[in-house]
Structure formats: structure tokens, C-alpha cells
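What follows is a set of notes on a single structure, which appears directly below.
The values are calculated or read from the model by the stated rules, or taken from the named source; none is laboratory data. Keep in mind that what you see is a predicted model, and the values were worked out from it rather than measured. Using ideal geometry, Cβ is built from the backbone for each residue, glycine included, and neighbour counts are taken over all protein chains shown.
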Amino acid sequence: MMTLKQEDPQIASLIDEEAERQEYGIELIASENYTSKAVMEAMGSVLTNKYSEGTVGKRYYGGNEVIDKIEQLAIDRCKQLFGCEHVNVQALSGSPANAAVYLAVLKLGDKVLGLKLDHGGHLSHGHPVNFSGMLYNFVQYEVEKETGRIDMDKVREVALREKPKMILAGFSAYSRNLDWKRFKEIADEVGAITMADISHIAGLIAGKVIDSPVPYFDIVTTTTHKTLRGPRGAIIMCKEKFAKQIDKGLFPGMQGGPHDHINAAKAVAFGEALKPEFHVYAQNVIKNAQAMAAELMKRGYKIISDGTDNHLMVVDLTSKGLSGKEAERALDKVGISTSASTIPFDTRKPFDPSGLRIGTPAITTRGFNEADSVYVADVIDRTIQARNDDVRLKAIRQEIIELCKKHPLYKK
Ligand SMILES: *Cc1c(COP(=O)(O)O)cnc(C)c1O
């Protein structure tokens, strides 16, 4: 059989081009990471050829004796990693995982309490342009204007007033730890189901550096490709009493055949996360984020909530006189990837918001330490200042290439 280079040189060379971009660029997008070669090897395997609708031992197709063993390994490792009672590892990605949960436990129009999108929530947590906001009645809690933090007494007030069927805790752009236990107490008080979406912080939870909702919550979803550093995909964990409902919600409710090559790669990633090195990785992700946040604040940047407990921070650029998109564009020119982000109570439009979201999962994977993170903050500051000076930006681009060479990624 032909290799990719022989079969399709056009795509092969574009993949090489993207590999170069990743190797010589600084990745600060908080939801991205670099998987191991082992994870990629599993993803690019013959497992992609198989159909295996159903669950382990109960499939709708023949020839699944090997797939059963692979999926069972993924399940066992996941249970060991998160201590969950039940897990379905077949979810294709974060949004479909959440859709499957809603389908499994809610009726159309049911009320759900979630974090507002521009306060750090996710589209699939009830935004009006998303299926979640169209099919279910989402009501929202917010962060406080003065502190940038969620006030649990306010969450309780909204919950008592709204009496939701489900309370959803989780975020894509919030840099503080959530009080899982308190969420559960509030939910119990109003008789609501508890769902946590730990997509962003699953790796920090797996690495045992921040608290887990798994002991308290009924249902916990997560993507596997963010801090958890696995293949693109998701999993749904739950208490045993929701197991049947969740499995049925995912298949046949929401999805067809599972992606067995991805599920094998999930098993590989769970195996990696179970190693002691992963605990050190998770610790370093937070140390790097805190070092970067401190340096940016020293240079007069406003960070929402004045710091971070996790892998990310949202920088409010208002006082620096530029928008999030302008900063994102300038940083792109020197080879630093970030994402413009809304800030709580943003007065600008979502497509050109006031904030910039920055995260350290990817640079920590390639071995950046706190000193490197402080240096990156310095480069960010200089880039923003030099944003209209192409000569200076070119010189900064060279610095970035040198820094990347110091920490090789896949060219090791
Ligand atoms: C990233 C994310 C998702 C969506 O994941 P996709 O794989 O992009 O569909 C869902 N919820 C949260 C909180 C996220 O951060």
C-alpha cells in the first residue's frame, strides 16, 4: 500500500507545514495541548475500520472481540483515574457528550442552571445560538463584577428562585476553583440533578492538583483533548443509578458507531495520566500559569479575578487601549497563538471582545518552566507594545523560534 506522501503529496506536505508551525510556535490557547506520539499512533491505526455500535459484550455487529478488550481497558483506566462509578468512553466530542446527557436526563424545555457564556461558560451550556439554548430552558448564574468570581450564595439564590431540573457547573474561561460540594448542597436543596463539565480542567483533576466533582456529582462530562492530553473526544462519567440512562442517551439516542481508534487512544492517554509524571505535569501547568499571570499583572495587565488557580487566565485589555482580536492578531505575527475572549460584563461585541484568554497546558507539555513562562509574558507585553512596528515584530519572531528550539516538541 502507498504511504500518504505517495498517495496524496498535497495533504502530506500540508501536514508537514502544520507540524512546523506547531514546532516553532508558542501555543497558549487554553483548550489545546500536544498529545504523545503513542496517542497519535493509536488514532492512526486500523481500528478506524471497525463498526461496534453497542457496549462491551453487547454489540450490534460481529468481529468485536478485540474492540471489546480495548474499550474495557479504556473504561478500567478511566475508573482508576477519576474514581467514577460508571463511564461511557464513546462520546465523540465535548458538545455531543453534553447533548447526550441532556437527552438522557431532561425533557425538551426543562430548566437548567448554568454559567453565562461571557462570564466563562460554554456554548453548549445554554447559549441561544446553540442547540442547548434552543431546546432547553437555560437560566444563568454569573461572576461578581468586583471580584470576577462566582459567589455561591448568589448561585443558591438563583437556584431557589428558578428551581431548575439540573444544575450545571463548568467553564471554558474561568480561572478559579469551583466549590463542588456547595454546588451539590444547593442542588439537593432544590432537588436538582448535578452535572459538571470539567472539559478544561480534567487533566488537573486527573493529576490530583485540584478538587474533583466526581465524588459529589451525578454526572461529569469531559473532553479528552484539553489538559487531559488525549485524542480529540469526550467521556461521560456518572453514578451507577444514571448508568443505563446515560448509555442509552449516547447510543442510540445521540450517536451511531463509536470511533474505536479514538477510544484506544483515550485508553493510552488515561494510562499516561495514571503515571506519577502526569502529577508533576499538572503541578507545573498551574505553576506556569501563576508565574505568567503574576508577571502580566506586574506589567499593568488586568487579569479577571486577579490571578488563577488553574491553567488559564483571561486578560482584560481595556486599559491597554486595544481589543482582544487586535492582541490575538499581533501575537499571531510573532508565532504566539491565543484566543480573543469576552470578559464578564463586556461592552464590546463577542467577535471583537475586550479580553484575551491564555493557557499553559501546551507549553508545559513541551517543557517550559516558570522562568520560561515569565519570559513569555515579557514577549507578550513587548509584542502588544510593538504591534504596529513590523521590524520589531520580526525580531521578536526570531526570539520565539530560539525559545522553541530550546524545548523541542516532536523533533526530539
Ligand atoms: C471545549 C468544551 C466543550 C466542547 O468540546 P468540543 O470537543 O469542542 O465539542 C464543552 N464544554 C466545555 C466546558 C468546554 O470547555
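Values computed for the structure shown
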read-out: Selected residue (only one of 157, 142 is closer than 21 Å to residue 217 by Cα, touching a helix residue (DSSP H, G or I) at 6+ places or on another chain (Cβ under 8 Å) and more than 13 Å from the ligand (Cβ to nearest atom)); value: 142
read-out: Contacts under 8 angstrom Cβ, first residue in the stretch 114-132 being closer than 24 Å to residue 311 by Cβ, partner in a loop (DSSP other than H, G, I, E, B) and among the β-branched types (Val, Ile, Thr), 6 or more apart; value: 117/342; 118/342; 118/343; 123/129
read-out: Residue within the stretch 220-229 that is farther than 22 Å from residue 27 by Cα and outside the structural domain of residue 359 (by TED's automatic domain parsing) present; value: yes
read-out: Condition check for residue 136: within 16 Å of the ligand (Cβ to nearest atom), of a type outside the set (S, T, N, Q) and free of Cβ contacts under 8 Å to residues at least 60 places away in the same chain; value: yes
read-out: Residue list for the stretch 199-213, restricted to those being over 23 Å from residue 163 (Cα atoms) and either of a type in the set (Lys, Arg) or part of a loop (DSSP other than H, G, I, E, B) (or both); value: 199, 200, 201, 207, 208, 209, 210, 211, 212
read-out: Pairs with Cβ under 9 Å, 6+ apart, first in the stretch 84-96 and free of Cβ contacts under 8 Å to residues at least 40 places away in the same chain, second among the hydrophobic types (A, V, I, L, M, F, W, C) and surrounded by 24 or more Cβ atoms within 10 Å (Cβ to Cβ); value: 95/234
read-out: Test: residue in the stretch 265-278 that is in contact with a Ser or Thr (Cβ under 9 Å, 6 or more places away or on another chain), closer than 21 Å to residue 29 by Cα and surrounded by fewer than 24 Cβ atoms within 10 Å (Cβ to Cβ); value: no
read-out: Qualifying residue in the stretch 67-83 (condition: assigned to a loop (DSSP other than H, G, I, E, B) and within 30 Å of residue 285 (Cα to Cα)); value: yes
read-out: Search result, residues across the stretch 220-248 that are in contact with a Ser or Thr (Cβ under 8 Å, 6 or more places away or on another chain), more than 8 Å from the ligand (Cβ to nearest atom) and in a loop (DSSP other than H, G, I, E, B); value: 228, 229, 230, 231
read-out: Restricting the stretch 160-186 to residues that are touching a Pro at 6+ places or on another chain (Cβ under 9 Å) and touching a residue at least 40 places away in the same chain (Cβ under 8 Å), the residue that is farthest from the ligand (Cβ to nearest atom); value: 169
read-out: Residues within the stretch 349-361 that are at pLDDT below 95 and touching a helix residue (DSSP H, G or I) at 6+ places or on another chain (Cβ under 8 Å), tallied; value: 3
